1. Could you check how many residues of segment 53-73 are in a loop (DSSP other than H, G, I, E, B) and exposed (fewer than 13 other Cβ atoms within 10 Å of the Cβ)?
2. Could you grab me the full set of residues in segment 91-133 that are more than 20 Å from Ser57 (Cβ to Cβ) and part of a loop (DSSP other than H, G, I, E, B)?
3. Quick check on my filter: what residues within segment 191-205 are farther than 14 Å from Ser171 by Cβ and surrounded by 14 or more Cβ atoms within 10 Å (Cβ to Cβ)?
4. Would you mind finding the one in Leu140, Leu182, Leu136, Leu163 that is at pLDDT 85 or above, closer than 22 Å to Glu213 by Cβ and either assigned to a helix (DSSP H, G or I) or touching a Phe, Trp or Tyr at 6+ places or on another chain (Cβ under 8 Å) (or both)?
5. Can you find a residue in segment 206-224 that is of a type in the set (Phe, Trp, Tyr), surrounded by 15 or more Cβ atoms within 10 Å (Cβ to Cβ) and under 22 Å from Met128 (Cβ atoms)?
6. Going by what's in this entry, would Val50 be described as over 27 Å from Arg138 (Cβ atoms), in contact (Cβ under 8 Å) with a residue 40 or more places away in the chain and crowded, with 19+ Cβ neighbours inside 10 Å?
7. So Val117 fits all but one of (1) over 19 Å from Pro35 (Cβ atoms); (2) out of contact with any Asp or Glu (no Cβ under 9 Å at 6 or more places or on another chain); (3) assigned by TED's automatic domain parsing to the domain that holds Asn22; (4) free of Cβ contacts under 8 Å to residues at least 60 places away in the same chain; what number is the exception?
8. Every residue in segment 164-187 that is in contact (Cβ under 8 Å) with a residue 24 or more places away in the chain and among the aliphatic types (A, V, I, L, M), please.
Amino acid sequence: MVFKAMGGLCPSITRIKTKRVNNLLDLAAIVGLRPHGNDFSAANLPESKVGLDFHKSNKTSESWVKTYLGHGGEPTDPPSINGVSYTEHVAFLVMWLCKFLACPTSGGITKEFQALVEVLVDAHQVTMGPIFLAYLYRGLREVIAKPMGYHASGPIWIFQLWLQLYFSKLSPANVCPNDKALLSQPLLNAPRRKHYVENCFQFFFECQERTREHLSICLDHRFLDYLVLDLS
């Protein structure tokens with residue numbers, strides 16, 4: 001039902017008199033993805049430091065956890081951190097990125113993020129915002145192109161949070177943009193508000209214009225320290 005509704009809602013949202021769409025500052029304010037930092041290019045991937053098991057039988061979260069939870073690491077691993085082996089650290093982040101940010105349609109663990117994860121584990125401050133903003137837009141395209149499908153990829157949940165922030169009638173909680181915290185936290189912690197598909201269609205069909213106050217919530221937000229760009 002959610003994807004059916006979004007497939008019809010996306011064209012309705014675009015007709016509203018605003019050029020406001022999901023951007024890097026939104027992802028920084030809502031979920032804390034860094035909009036600046038070290039670039040990561042998929043065109044020039046480094047050689048993997050650890051050998052993870054991406055066979056089909058090991059691609060579910062349950063089997064992945066059984067394989068790598070408490071993994072002692074390999075002799076060639078870099079030093080462990082706080083008792084967690086390099087292999088276990090990489091394996092956990094690969095699963096986390098796949099499960100919550102990449103959200104592939106298969107729902108499984110994929111190899112494509114291992115190189116990115118190893119760079120993160122090596123403490124490089126990677127520009128994460130553009131990477132997963134691209135995944136989000138690819139998922140939204142799938143929703144529009146196949147409105148009757150239920151298996152769109154990408155972090156669609158970020159788009160749902162974005163809708164609740166910029167269209168407060170859909171929100172289960174009041175969000176204060178001056179709080180120095182992620183804007184997603186009060187939305188995720190609030191009791192769920194039930195929305196009917198026909199009501200959402202009616203809301204966006206009648207929503208003709210957004211004021212600056214409606215559109216500046218992320219721009220006016222006090223970002224967390226690690227997201228602030230040091231211009232000194």
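1. 4
2. Of all residues in segment 91-133, those more than 20 Å from Ser57 (Cβ to Cβ) come to 93, 96-97, 100-103, 115-133.
Cys103, Asp122, Ala123, His124, Gln125, Thr127, Met128, listed by residue number.
3. Val197, Phe201, Phe204 - these are the residues of segment 191-205 that are farther than 14 Å from Ser171 by Cβ and surrounded by 14 or more Cβ atoms within 10 Å (Cβ to Cβ).
4. Leu163
5. Within segment 206-224, one or more residues are of a type in the set (Phe, Trp, Tyr), surrounded by 15 or more Cβ atoms within 10 Å (Cβ to Cβ) and under 22 Å from Met128 (Cβ atoms).
6. Criteria met by Val50.
7. Every condition holds for Val117 apart from (3).
8. Leu165, Leu170, Val175, Ala181, Leu182, Leu183, Leu187
The values are calculated or read from the model by the stated rules, or taken from the named source; none is laboratory data. Keep in mind it's a predicted model, so treat the numbers as computed, not measured. In this analysis, Cβ positions are derived from the backbone assuming ideal geometry, glycine residues included, and neighbour counts consider all displayed protein chains.
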